[in-house]
Structure formats: structure tokens, C-alpha cells
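Taking it in order: structure first as C-alpha cells, then the write-up.
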Amino acid sequence: MSTNSPAGAKVTRTTPPAIRDRKGGDPLVCLTAYTHQVAKLLDDDMDLLLVGDSLAMVLYGLDTTLGVTMEMMIAHGNAVMRGSTTACVVVDMPFGTYQESKEVAFRNAARIMCETRCQAVKLEGGVEMAETIAFLVDRGIPVLAHVGLTPQAVNKFGGFRAQGRTEESARQIMEDSLAVAEAGAFAVVIEGTLEPLAREITDRIAIPTIGIGASPHCDGQILVTEDVIGLFTEFKPRFVKRYGNMGDLITDAGAAYAAEVKARSFPGPEHCFGFEAAAAENAEEKAEPQPA
Ligand code: KIV
């Protein structure tokens, strides 16, 4: 049980082993969360909340995830932990904090776990990260793996393109998935990967697959919340489905507020302290006979 939780709240979170045990069962429902408020609003319906490094683009206006720091992930991880009581909270490891060696990865993953009290970390990569995943898992750090289109490798891919189109790329993604499962990851995110391949991986590996632009056959699905609610509108990947239009709500609310401030119709008496007393005094002063 975490100590970094809403004050006084009963905390019974879904655990990484419970997520792993959902292989082949009811679909895992996952979304990203970066803030306390969003975590609070989504917690009841989610098996897993991911504090994704996609916050680089969504919250900070960066063009890739490469500018994300440990401090950013820890601050947002803390906010999400304090906003949730039941979802399993996983925090992304930033680019450059785990690739160098398994020891460096352990140090940074342990720091994220200790300073946020999240339940697991996510890192990108397959065969090349398998030894690191096993090292972390053996030392008490549950790992959510991430294969296929791995956004931290955007410069290697030359853009954000669906993966698995060539025989070689498909074979690599299959090997990556088998390797992270074998290394002890409790689940794996498969991103931007051709549907038949994601389906085949799901059938072959022993841990749950969580798809994003992958396949309805995956053991679960994840999306970026701001895409789902229509708050991030810079671009819309094919795999995103919008379930709401928060962007328009914010623009409309801002415009209505601006109009009322300009017209002096906001704030009204109900938004002011002592407004009625002041108005009455004013009226009395006006009623007093004026000297000739
Ligand atoms: O950073 C992120 O939000 C992610 C998800 C899109 C899987 O990695």
C-alpha cells in the first residue's frame, strides 16, 4: 500500500501481478494521466493509469518525448498517485535514464518508485532491453515494456510511422515481444504496429498486450487521455478515437468569460463579499438630504 495517496482515502490499487493475471481475460482498460485532477476523474474506470512521457507534447508543447526529465516524471507521478486510489499507476522512464546500463536503469527506476510510490515503471525497447528488464524485476521493480513504434526512437525511425510493414521489422517486433515477456515484464504496450502482427504477438506471448494503434485482439487498450477528450488537437493519429470535445468547451468558456468581464456583468453580487451591504450603504448616502 502506498503512502503517497489522497489524504484519508482507502487505497486498494490494482497490482502489476493482477494485471499480468488478466492475460486472455476481460480487456484491460488503460489511459494516460499527468495531473491530480485527471487521475481523480478517471481512477474508477481504469485498471491502469500511465504517467506517460507523451506529456512532453501534450502538456509542455515539445515536439518529441526526448526533452523529458526525471524531475518532470516524478512531479507528475506524484500528482497522479495523490489523485487515485484504485488504478495501478505506472510512470514512464525518460529517454537516457535507462539505456546506458542495467545499473543506471535500476538507480533511476528506484528513484521514480521511491519518490512517487508508483507501482511500476515503463521503458521502451525489446531484445536490447531484456537484460535490464530482468535486472529490475529481480530487484523488486515491476516493468511494463513497450515495443513496436517506440516514440523515444523517433530519430532512428525517421518519424512516427506504423511498424511491422516489412518481414524484417515484423520479425524484430515479434522477437522483442517474446524477449520482454521472457525477461519478466508484467505486460507490454504494443504501439503503432500492423494489426495481424499485434494479434499474433497477443496469441503467442504469456503476458498481456496493451494496444495503441495495434489490434482489438490485444489483452487491453491504452490511449492518451487528451486525445480521447479532444483537448490535444495539434495532430490526430489514425488510432485515436475522440469521445469528447474539451477543446471547444474551454474555448467557449474562455470567450463567454471574456465577454462578461468586458460588459461588467461578471462578477455579479453572488460572487462578491459584502456586496449587498455596500450597495445598501450607497443607497442610504444617496437618500440623505444634500446641503443647499
Ligand atoms: O507516453 C505515453 O503516453 C505512452 C502511451 C501512448 C503508451 O507511452
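Being within 24 Å of Leu49 (Cα to Cα), among the hydrophobic types (A, V, I, L, M, F, W, C) and assigned to a loop (DSSP other than H, G, I, E, B) is a property that holds for Phe239. Scanning segment 11-46 for residues that are in contact (Cβ under 8 Å) with a residue 60 or more places away in the chain, surrounded by fewer than 23 Cβ atoms within 10 Å (Cβ to Cβ), assigned to a loop (DSSP other than H, G, I, E, B) and within 16 Å of the ligand (Cβ to nearest atom) turns up just one, Pro27. Report yes if Lys122 is basic (Lys, Arg), within 12 Å of the ligand (Cβ to nearest atom) and surrounded by 15 or more Cβ atoms within 10 Å (Cβ to Cβ), otherwise no. Against the criterion (basic (Lys, Arg), within 12 Å of the ligand (Cβ to nearest atom) and surrounded by 15 or more Cβ atoms within 10 Å (Cβ to Cβ)), Lys122 qualifies. Taking first residues from segment 155-181 that are within 23 Å of Ala206 (Cα to Cα) and partners that are surrounded by fewer than 18 Cβ atoms within 10 Å (Cβ to Cβ) and of a type in the set (Val, Ile, Thr), the Cβ contacts under 6 Å between residues at least 6 apart in sequence or on separate chains come to Glu175/Val127; Asp176/Val127; Ala179/Val127.
One residue stands out among those in segment 242-270 that are assigned to a loop (DSSP other than H, G, I, E, B) and among the basic types (Lys, Arg): the one that is nearest to the chain's Cα centre (by Cα), which is Arg242.
When restricted to residues that are surrounded by fewer than 24 Cβ atoms within 10 Å (Cβ to Cβ) and either in contact with a Gly (Cβ under 6 Å, 6 or more places away or on another chain) or touching a residue at least 24 places away in the same chain (Cβ under 8 Å) (or both), segment 68-92 contains 9.
The set of residues in segment 213-270 being of a type in the set (D, E, K, R), touching a residue at least 40 places away in the same chain (Cβ under 8 Å) and over 21 Å from Val189 (Cα atoms) consists of Glu234 alone. If you go through segment 47-64 and keep only what is within 13 Å of the ligand (Cβ to nearest atom) and more than 13 Å from the chain's Cα centre (by Cα), you end up with Tyr60, Leu62, Thr64.
Which is among the small types (Gly, Ala, Ser), within 14 Å of the ligand (Cβ to nearest atom) and within 14 Å of Leu144 (Cα to Cα), of Ala187, Ala214? Of the residues listed, the single one that is among the small types (Gly, Ala, Ser), within 14 Å of the ligand (Cβ to nearest atom) and within 14 Å of Leu144 (Cα to Cα) is Ala187.
Can you pull out the residues in segment 78-107 that are over 19 Å from Pro17 (Cα atoms) and hydroxyl-bearing (Ser, Thr, Tyr)?
If the condition is that a residue be over 19 Å from Pro17 (Cα atoms) and hydroxyl-bearing (Ser, Thr, Tyr), then Thr97, Tyr98, Ser101 are the ones that fit.
Of the residues making up segment 144-168, those that are surrounded by fewer than 18 Cβ atoms within 10 Å (Cβ to Cβ) and among the polar types (S, T, N, Q) are Asn155, Thr166. Tell me whether segment 70-85 contains one or more residues that are touching a Lys or Arg at 6+ places or on another chain (Cβ under 6 Å) and away from the ligand (no atom under 11 Å from the Cβ). Looking for residues that are touching a Lys or Arg at 6+ places or on another chain (Cβ under 6 Å) and away from the ligand (no atom under 11 Å from the Cβ), one finds at least one in segment 70-85, hence yes.
Criterion first (farther than 21 Å from Leu50 by Cβ, away from the ligand (no atom under 15 Å from the Cβ) and touching a Gly at 6+ places or on another chain (Cβ under 7 Å)) does Glu175 satisfy it? Judged against the criteria, Glu175 is a match.
Rule-based calculations on the coordinates, nothing more; no lab input. Just so you know, these numbers come straight off a predicted model, no measurement behind them. No Cβ is skipped: glycine too gets one built from the backbone with ideal geometry, and neighbour counts run over all protein chains shown.
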